[in-house]
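A short reminder: the numbers here are calculations on the coordinates, not readings from a lab. Note that this is a predicted model, so its numbers are computed, not measured. Glycine also receives a Cβ, built like all others from the backbone with ideal geometry; neighbour counts cover every protein chain displayed.
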Amino acid sequence: MSYEFEIFLSYARSETEGQWVRNHFAQHLEYRLNDVTRDRVRISWDHQMEAGVSWPEELKRRLRHSRMLVAVWSPEYFRSHWCMAEWRSFREREAMLGLFSAQQPRGLIYPARYSDGDHFHLEAKRTQCRKDFSNLNYPFPVFRKSEKFLDFDDLVREMAVEIADRLNRIPDWQGDFPVIEPEPLSAAVVDQPPAL
């Protein structure tokens with residue numbers, strides 16, 4: 001077996017961030033990556049999964065078979081059990097491969113800031129995040145027709161060049177890459193109406 005995807009796109013499925021990724025970011029990143037890479041780049045993200053598959057199992061399979069993680073950071077990202085499991089899976093892989101360390105500071109996670117930054121996980125705050133989309137995170141399709149979309153395009157193009165460089169340095173695939181399970185959700189508490 002080997003890698004099936006170059007990028008695993010990890011993002012919060014919140015109303016605004018999810019729309020922004022679907023309407024603008026994912027497709028544009030793929031276009032710009034294919035402008036600067038020799039081979040076609042394959043991006044795995046949940047929007048392209050087939051209907052009827054076991055979603056959690058397919059997600060974990062794709063995670064294990066992706067070269068690197070592009071994480072779209074927001075406060076909602078760090079509240080999501082699934083996003084944190086995806087991020088931690090790649091952190092475990094980095095530890096296994098001796099990456100993101102004093103000897104090899106470059107890792108397998110490329111962060112992009114969607115919003116905020118003050119409410120990020122402490123480890124994320126210590127990670128260099130050079131691409132800040134917080135002033136370009138308009139989720140609506142009309143954003144493509146605005147002048148600000150040119151700034152968005154510039155940022156994605158810069159990001160694509162950096163990611164393409166990193167993809168050339170990713171270690172070979174290993175069958176024992178760890179996949180962290182998301183924390184189980186708490187049981188819902190239902191208030192009972194008062195007895196009459």
Once phi is turned into θ = phi - 60°, what whole-Hz ³J(HN,Hα) does the Karplus curve with 6.51, -1.76 and 1.60 give for every residue of region 102-107, x standing for Gly and Pro?
4, 6, 9, x, 6, x
Phi to ³J(HN,Hα) by Karplus 6.51 cos²θ - 1.76 cosθ + 1.60 over region 3-20, Hz, x for Gly, Pro:
5, 9, 10, 7, 10, 9, 8, 10, 7, 6, 8, 5, 4, 7, 5, x, 5, 4
Inter-probe distance in nm under a simple model that places probes 7 Å from Cα toward Cβ, at His119 and Asn168:
4.0 nm
Got a sec to turn the phi values of region 158-163 into Karplus ³J(HN,Hα) couplings, 6.51 cos²θ - 1.76 cosθ + 1.60 with θ = phi - 60°, whole Hz, x for Gly and Pro?
4, 4, 4, 5, 5, 5
Amide H neighbours of Met68 under 5 Å, at least 5 residues apart or on other chains, H built in the peptide plane: list them.
Ile7, Phe8
Run down the lysines and flag those whose C-alpha is under 30 Å from the C-alpha of Lys145, throwing out any fewer than 8 positions away in its chain.
Lys131
Ranked list, fewest to most other Cβ atoms within 10 Å of each Cβ, for Tyr11, Tyr110
Tyr110, Tyr11
Measuring from centroid to centroid over Cα atoms, what is the spacing of region 19-37 and region 95-110 in Å?
25 Å
Reciprocal mean inverse distance between Cα atoms of region 1-132 - Kirkwood radius, Å
15.4 Å
Take Glu183 and Glu4, extend 7 Å from each Cα along the Cα→Cβ direction, and tell me the distance between the two endpoints in nm.
2.9 nm
Sequence of Met84, Met96 once ranked by neighbouring C-beta atoms within 10 Å, starting from the fewest
Met96, Met84
Among 131-138, 25-32, the order from most to least packed when residues are scored by Cβ within 10 Å on average:
25-32, 131-138
Partners for Lys125 among aspartates and glutamates (Cα-Cα distance below 17 Å; same-chain residues under 8 apart left out)
Glu76, Asp116
